[in-house]
1. Peptides 72-78, 18-24: what's the order by average Cβ count within 10 Å, highest mean first?
2. Over the chain, what is the relative contact order in percent, taking alpha-carbon pairs closer than 8 angstrom and at least six residues apart?
3. Have a look at the chain and give its Rg and Dmax from the Cα atoms, expressed in angstrom.
4. Based on the mean of other Cβ atoms within 10 Å per residue, sort peptides 30-42, 112-124 so the most packed one is first.
5. Which value in deg cm²/dmol, rounded to the nearest 500, describes the helix-derived mean residue ellipticity at 222 nm for the chain, given -39,500 (n - 2.57) per DSSP H run of n ≥ 4 and division by the residue count?
6. Tally Lys and Arg at +1 and Asp and Glu at -1 over the other residues with C-beta under 9 Å from the C-beta of residue 91: what net charge comes out?
7. Considering every Cα-Cα pair within segment 14-160, what fraction, in whole percent, is farther apart than 21 Å?
Amino acid sequence: MANLCNVDGVVTPEADARIPVLDRGFLFGDSIYEVVRTHGQVPFGWPEHWQRLQASAAALRLRLDLGEREVARRVAATLAAADHGDSYVRIIVTRGTGQSPSIDLAQAGSTPRWVVFVRRLATPPTDVRLCIVDRLRVDRRALDPATKSGNYLNNVLALAEAKDRGGTDCLMCNGEGNITEASTANVFARLDGVWCTPPLTAGILAGVTRALLLEFLPTVGERTAERDLRPQDLRRADEIFLSSTLRDIGPVTHLDGQPVAGGKGAPRALQLLQRFRERIAQRLREHDEPRWRGLVSG
Ligand SMILES: Cc1ncc(COP(=O)(O)O)c(C=O)c1O
């Protein structure tokens, strides 16, 4: 089955989908998005992702014209048509088609454009080589990284810099020299027996997985802290992992070309990954699946 997408309610093969050139997502990255993963046809963490989409819309003064049920139905219809099993779902909302290529919101149309992509879920990489790049994470006062906008050039260029240095992903610092996050993931480092992750005030996306992990880790006897981290903190960490919807917990193998913790791997993170996935499966059965079925049926 070809990759499918849903543009304004119509399911089409990805290759046939068309977006007008005056769409503000195309012109200015004037859009927001969410990535959700499914287990079979059921998205995990839908309430959290839906809530974050609404927060991103509010931050960009973008008025969403569709409610949760209609969006969920479009996602479900696209998933059913694609029938991939475990899937990657990307929901994009642009500010729609304006009257001219002007940045002025007065020239913008009033109907957002909704696109849903569905793809077969890929296996996350196991060789994760992070490089702390020179390019800074965009300042929260300029364009808050907490807003999941379609404007990802900061991350695109930071990732390219990391790849130039032989890395597979980047870590960006903020203007104060503190670690923020990777190109599409949050970061955790184990320091003196505590899993530390940068606070939201560092200028990061409030990752759904990050929040779930801050809840989950103490329930399995792990200590956590949200605190500013310097590059030298990461260099002395016992283990480092990335967190995101697509990888849950992704152990980091190298930092700036050096094996993390002398190359002893990330045994604790791998154990936690297994337990976290068991917890996800339980939540899916007990909460996500019944709620999702209720949302898309009737
Ligand atoms: C910049 C950035 N940080 C963190 C994350 C992880 O967020 P989540 O756990 O909600 O997938 C993402 C996910 O795309 C991201 O793009």
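No value in this document is a laboratory result; all are computed from the given coordinates. Because the structure is predicted, anything quoted here is derived from the model rather than measured. No Cβ is skipped: glycine too gets one built from the backbone with ideal geometry, and neighbour counts run over all protein chains shown.
1. Ranked from most to least packed, the peptides come out as 72-78, 18-24.
2. Working: 589 pairs, mean separation 53.3, N = 298.
18 percent.
3. So, for the chain, Rg and Dmax equal 19.6, 58 Å respectively.
4. Values: 30-42: 20.2, 112-124: 17.3.
Output ranking for 30-42, 112-124: 30-42, 112-124.
5. Mean residue ellipticity at 222 nm (helix-derived): -9000 deg cm²/dmol.
6. Surrounding charge for residue 91 is +1.
7. 52 percent
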